[in-house]
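Chemist: Sharing a structure, written as structure tokens. Questions coming.
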Amino acid sequence: MESPVGAAPEREQIRSSVAEPPRSVRPRPPVRAWLQPAVISLVVAAAFISCYVGLQRDPQPHRVPIAVAAPLASGAIHEALGDTVEVHPAADAGAARRAVQGHDVVAALSADGPDGLRLEIAGADGTSTTSAVKTLVGAYAHGAGKHVTTEDVVPFAHFDTRGLAGFYMAFGVTLSGFVLGSNALGLAGLLHLRHRFWLLAGASVAIGTLAAVIAGPVLGAVPAPVAPLVVTLTLLAAAAAFTTKLLGTYLGPVGVPVATLLLLTVGNATSGATIGADLLPTAARSVSALLPPGAAVRAVTDLSYFDGAHVSGPVITLGLWACVAALLLALRPRLTRQRAQGAV
């Protein structure tokens, strides 16, 4: 029996429509999908350049601590140099030198004959700081008609003549902790929170140990005792890792860029290694010792050159960053459940 005219083409059309479903129209991406990555990258670039280049543009000394030994008139020196220095009177030249070696001051000034001054500096405090001190004392001596003899009583290690090993080591450990915390953000569906904590803690110990051994015994650039250096760098890695994980967990996609700005940009730029803390602007100086990189640089310097004289404060700062970030991460599931129950 023959099919009606036009029936065959109709069946072909039906089969064609079944075999090739209509293409779905992809919705246009929201403007935020375009803007957010671009804006974040621009903010990071602007902050990085502003911090690293801007802070080195015109460093000015501010209350740099100097020990002045009797019989020099500390009041006259303070009056001549103003707020650029903070004068610490010392009983004699020996006491002033011990203040430098104990990291209580960055330089000691004493009389050197009737027409001379003796300036003893701690080179380990950084080239920018010691250069500023020599310039200030030189200007004072010129006005007083005296000559200055300078001696570095706490020089840098032989394999760190520019004094940047501690900064680069702290930067590397901070970067490693940041990468560790960033990668841990993607493991929520694979590892239990407890296991992620063990991962962050264990890897931080490994990072701290590796960095301390390479920079210390292997390269000889950081003369700090190995065990305290391992503890310090482990705390720095843990602070960076847990803080990055915390910000990424609470803030979502914006958290990692915020951690970049906080730790890698502002933290390292204000650490006081490339530009001495006493030469930083007021705002940068106020946060320098409070952020993990700045605390770590101070601890490494104290351990390396000043027998750990003031290491407790920076180490406590690093421990607080790591512990508080870990505690807030541990509380996150409970807070999420409470929020969900409150919404019901």
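Chemist: So what's the gap between the Cα centers of region 308-341 and region 57-118, to the nearest angstrom?
Modeler: Using only Cα atoms, the two centres lie 40 Å from each other.
Chemist: Which one, 127, 232, 150, is farthest towards the positive end of the dipole of the chain when Lys and Arg carry +1 and Asp and Glu -1 on their Cβ?
Modeler: 232
Chemist: Still on this structure, I have one more. For the chain, what size does the Cα cloud have along each of its three principal axes, sorted from largest down, in whole Å?
Modeler: Dimensions of the chain along the principal axes of its Cα atoms: 132, 46, 39 Å.
Chemist: From the Cα gyration tensor of region 221-343, with a ≥ b ≥ c the square roots of its eigenvalues, which class applies: rounded if a/c is under 1.5, or else prolate if a/b is larger than b/c, or else oblate?
Modeler: prolate
Chemist: Determine the shape class of region 143-227: with a ≥ b ≥ c the square roots of the Cα gyration tensor eigenvalues, call it rounded for a/c under 1.5, and otherwise prolate if a/b is greater than b/c, oblate otherwise.
Modeler: Prolate, since a/c reaches 1.5 and a/b exceeds b/c.
Chemist: Could you tell me the calculated FRET efficiency between residue 42 and residue 339, based on Cβ-Cβ distance and R0 = 35 angstrom, to the nearest 0.05?
Modeler: The pair residue 42/residue 339 has a calculated efficiency of 0.60.
Chemist: Hey, another quick one. If you project the alpha carbons of region 184-279 onto their three principal axes, what span does each projection cover, largest first, in Å?
Modeler: 43, 32, 16
Chemist: So what's the angle, to the nearest 10 degrees on a 0 to 90 scale, between helix 31-54 and the longest Cα principal axis of the chain?
Modeler: Computed tilt is about 10 degrees.
Chemist: What is the angle, in °, between the Cα long axis of helix 193-213 and the longest principal axis of the Cα atoms in the chain? Nearest 10 is fine, range 0 to 90.
Modeler: That helix lies at roughly 40 degrees to the long axis.
Chemist: Could you state the angle between the C-alpha long axis of helix 127-144 and the longest principal axis of the C-alpha atoms of the chain, as a value from 0 to 90 degrees rounded to the nearest 10?
Modeler: 30
Chemist: Search the structure for amide H atoms under 5 Å from the amide H of residue 105, placed 1.01 Å from N in the peptide plane, and list their residues when 5 or more places away or on another chain.
Modeler: 100
Chemist: I would also like to ask the following. Sorted by accessible area (1.4 Å probe), largest first, how do 323, 51 line up?
Modeler: 323, 51
Chemist: Given a 1.4 Å probe and every protein chain left where it sits, what share in percent of the accessible area of the chain is carbon and sulfur?
Modeler: That fraction is 65 percent.
Chemist: At 222 nm, what helix-only mean residue ellipticity would the chain give, in deg cm²/dmol to the nearest 500, using -39500 (n - 2.57) for each DSSP H run of four or more?
Modeler: The helix-only estimate for the chain comes to -19000 deg cm²/dmol at 222 nm.
Chemist: Then there's this: In region 88-210, what percentage of the DSSP-assigned beta bridges are antiparallel, given to the nearest 5?
Modeler: 45
Chemist: Considering amide H positions built from the backbone, and no H for Pro or chain starts, which residues 5 or more places from residue 111, or on another chain, come under 5 Å of its amide H?
Modeler: Amide H to amide H, under 5 Å and 5 or more residues apart or across chains, residue 111 pairs with 72, 118.
Chemist: Roughly speaking, what is the stretch gain from residue 50 to residue 331, that is 0.36 nm per residue apart minus the C-alpha to C-alpha distance, in nm to one decimal?
Modeler: In short, 97.6 nm is gained.
Chemist: How would you classify region 58-155 from its alpha-carbon gyration tensor, with a ≥ b ≥ c the square roots of the eigenvalues: rounded for a/c under 1.5, else prolate if a/b is greater than b/c, otherwise oblate?
Modeler: Taking the square roots of the gyration eigenvalues as a ≥ b ≥ c, region 58-155 is rounded.
Chemist: As a test question: what accessible area, to the nearest 10 Å², does residue 245 have when a 1.4 Å probe is rolled over all protein chains in place?
Modeler: Around 10 Å² of this residue is reachable by solvent.
Chemist: For the chain, build the charge dipole from Cβ charges (+1 Lys, Arg; -1 Asp, Glu) around the Cα centre, then report which of 69, 317, 327 sits farthest towards its positive end.
Modeler: Going by the charge dipole, the pick is 327.
Chemist: Post the alpha-carbon centroid distance, region 150-229 to region 253-277, in whole angstrom.
Modeler: Distance between centres, Cα-based: 16 Å.
Chemist: Ignoring ligands and nucleic acids, what accessible area does residue 48 show with a 1.4 Å probe (Å², nearest 10)?
Modeler: 90
Chemist: While we're here: At R0 = 22 Å, how high is the FRET efficiency between residue 112 and residue 134 if r is their beta carbon distance? Nearest 0.05 is fine.
Modeler: The calculated FRET efficiency here is 0.90.
The values are calculated or read from the model by the stated rules, or taken from the named source; none is laboratory data. The structure displayed is predicted, hence computed values, not measured ones. As a convention, Cβ positions derive from the backbone with ideal geometry for all residues, glycine included, and neighbour counts pool all protein chains shown. In case anyone asks, the SASA skips ligands and DNA or RNA and just uses the protein heavy atoms, side chains included. Shrake-Rupley method; radii C 1.70, N 1.55, O 1.52, S 1.80 Å.
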